Amino acid sequence: MITWLNHIAIAVPDLDAAATQYRSLGAEVSVPQNLPEHGVTVVFVTLPNTKIELLYPLGANSPISMFLQRNPAGGVHHVCFEVNDIGEVPARLSDIGARVLGDGSAKIGAHGKPVLFAHPKDFQGVLVEFEQT
Ligand code: CO
């Protein structure tokens with residue numbers, strides 16, 4: 001079901017500092033992009049084989065705010081795997097006893113493609129995103 005690692009998302013307390021750090025290591029680093037519908041400002045770090053997304057809270061109800069309160073220095077927020085068929089994800093997760101977050105239907109994610117998230121308590125403490133390729 002899962003194919004490529006699409007990205008690792010890291011919540012950061014200082015977006016400029018984090019972007020500068022990756023840029024100074026030679027990575028291709030985007031300018032910050034506001035994604036109000038997702039409550040984040042994101043900087044994309046593009047590597048030859050995957051991406052890192054640096055996430056910073058945007059707006060009052062950002063899903064990143066609580067995470068940064070618990071992890072003030074920042075931390076890995078989620079990992080995202082590509083899947084060929086997002087429609088089969090809920091049943092496959094159910095088969096292994098893993099819960100889907102939300103109402104179980106795919107939503108349009110930060111890259112304009114359908115995504116689902118699995119409960120971190122069912123994935124070794126890691127929030128896992130599945131993205132339709
Ligand atoms: Co993501």
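When the accessible area of region 26-73 is split by element with a 1.4 Å probe, what percent falls to carbon and sulfur?
Details: 1580 of 2810 Å².
Here carbon and sulfur together make up 56 percent of the probe-accessible area.
Considering every Cα-Cα pair within the chain, what fraction, in whole percent, is farther apart than 20 Å? Before the final figure, lay out the partial values.
Details: 3982 of 8778 pairs.
Cα-Cα pairs in the chain separated by more than 20 Å: 45 percent.
Please list, in order, the residues from region 1-43 whose amide nitrogen is less than 16 Å from a point placed 7 Å along the Cα→Cβ vector of ALA91.
1-2
What 222 nm value per residue comes from the helices of the chain, counting each DSSP H run with n ≥ 4 as -39,500 (n - 2.57) and dividing by all residues, nearest 500 deg cm²/dmol? Let's see the in-between values first.
Numbers: 3 runs with 25 residues, N = 133.
Taking each H run of at least 4 residues, the total per residue is -5000 deg cm²/dmol.
If you stretched the chain out fully between THR46 and ARG23, how much longer would it get, using 0.36 nm times the residue separation minus the C-alpha to C-alpha distance?
Numbers: separation 23, 0.36 × 23 = 8.28 nm, distance 1.03 nm.
Length difference between fully extended and current span is 7.2 nm.
Please compute the net charge surrounding GLN21, taking Lys and Arg as +1 and Asp and Glu as -1 over other residues with Cβ under 15 Å from its Cβ. Mind showing how you got there, number by number?
Working: positive: ARG23; negative: ASP14, ASP16, GLU28, GLU53.
Taking every other residue near GLN21 into account, the sum is -3.
Under a straight-distance cross-link criterion of Cα-Cα below 20 Å, which lysines are reachable from LYS51, leaving out those fewer than 8 residues away in the same chain?
Result set, ordered by chain and number: LYS113.
The values are calculated or read from the model by the stated rules, or taken from the named source; none is laboratory data. Owing to the predicted nature of the structure, the values given are computational and were not obtained by experimental measurement. Using ideal geometry, Cβ is built from the backbone for each residue, glycine included, and neighbour counts are taken over all protein chains shown. With ligands, DNA and RNA removed, areas are computed over all heavy atoms of the protein, side chains included. Shrake-Rupley method; radii C 1.70, N 1.55, O 1.52, S 1.80 Å.
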